[in-house]
1. Go through the stretch 208-248 and give me each residue that's in contact with a strand residue (DSSP E or B) (Cβ under 9 Å, 6 or more places away or on another chain), modelled with pLDDT of 95 or more and of a type in the set (Gly, Ala, Ser).
2. Could you check the stretch 57-83 and list, in sequence order, the residues that are touching an Asp or Glu at 6+ places or on another chain (Cβ under 8 Å) and modelled with pLDDT of 95 or more?
3. Might you check whether a residue that is touching a Gly at 6+ places or on another chain (Cβ under 6 Å) and not in a loop (DSSP other than H, G, I, E, B) occurs anywhere in the stretch 236-246?
4. With the requirement that a residue be in contact with a strand residue (DSSP E or B) (Cβ under 9 Å, 6 or more places away or on another chain) and either buried (at least 24 other Cβ atoms within 10 Å of the Cβ) or assigned to a loop (DSSP other than H, G, I, E, B) (or both), what does the stretch 183-195 give you?
5. Looking at (1) farther than 30 Å from LYS142 by Cα; (2) under 12 Å from the mean Cα position of the chain (by Cα), which is the one condition that is false for ILE93?
6. Scan TYR152, TYR167, TYR234 and give me the residue that is within 21 Å of LEU66 (Cα to Cα) and surrounded by 18 or more Cβ atoms within 10 Å (Cβ to Cβ).
7. Would you please name the residue that is nearest to TRP41 (Cα to Cα), looking only at residues in the stretch 56-94 that are surrounded by fewer than 22 Cβ atoms within 10 Å (Cβ to Cβ) and among the aliphatic types (A, V, I, L, M)?
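The values are calculated or read from the model by the stated rules, or taken from the named source; none is laboratory data. Quick caveat, the model's predicted, so the values are computed rather than measured. Cβ placement follows ideal geometry from the backbone for every residue including glycine, while neighbour counts extend to all protein chains displayed.
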Amino acid sequence: MSIDKNNKKSNHFIVWNQLKWEPTKKQLAQFLQLQELLREWNKKTNLTRLVDGDDFWIAQVCDSLLPLHEELQNPKRSQKYIDVGSGCGFPGIAIAIAMPNSNITLLDSSSKKTTFLKEVSKEIGLSSRITVVTERAEAAGKNPIYRGNFDYAIARAVAPATVVAEYLVPFLNSKGQALIFKGSWSESAQQKLKEALTALNAKIQQSQRFELPEERGIRNVIRIKPIAKCPNKYPRSVGKPKKQPLGY
């Protein structure tokens, strides 16, 4: 696969240095193929504008994997991930490439996006480890196939953390972790999240702050652990978590 002028090698090395992890030749080829497929699909359907150069390698790949820098030190571990609101496949497909023994469920309510995710998973040889689900998080979180079934539930979401937590926590097994990716993060947001987590029988395990390379901004990652079984009434019905967020 050719690498265009926007994909200088330095883009890759900046990312791998930051992650303290380096892909195999096969994994790098999969990232490049993912980038090419995003370009092709973008011509007919608007998935993301972040497809070239640093937009892809830093704002997509590095942003997806940096919060998992600890897990990347032991990438052969077998884990089950669910990426809620997967969109064009970040962080879920990036995790599937980087963690070759993991199984990833990509959840999105948009059939346009899940059609793309299914096609990409097949094209880059990941369909045996990726399951694509077209469903709202509130409905999937009630479904016994998914509820309480994951080691990691992850969202790179624009919704408030209290809302995202209600989507993610029901998916976790007893030893699982929810990871909420946020740009800005404040003491007041952390306090509201703590209050929301009380209702979900969960707690903040850790809050980490990362700086993306090339002045691409700050990334905060909040790791959440269950302390008891999530009450059956959560997640609430479709739309309710956003309209009436927990902790407010």
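1. Across the stretch 208-248, the qualifying residue is only ALA228.
2. GLN79, LYS80, TYR81
3. Filtering the stretch 236-246 down to residues touching a Gly at 6+ places or on another chain (Cβ under 6 Å) leaves none.
No; the residues of the stretch 236-246 include none that is touching a Gly at 6+ places or on another chain (Cβ under 6 Å) and not in a loop (DSSP other than H, G, I, E, B).
4. GLY183, SER184, TRP185, LEU193
5. Result: ILE93 passes all but (1).
6. Values: TYR167 fails: within 21 Å of LEU66 (Cα to Cα); TYR234 fails: within 21 Å of LEU66 (Cα to Cα).
So the residue among TYR152, TYR167, TYR234 that is within 21 Å of LEU66 (Cα to Cα) and surrounded by 18 or more Cβ atoms within 10 Å (Cβ to Cβ) is TYR152.
7. Taking the candidates together, the pick is ALA59.
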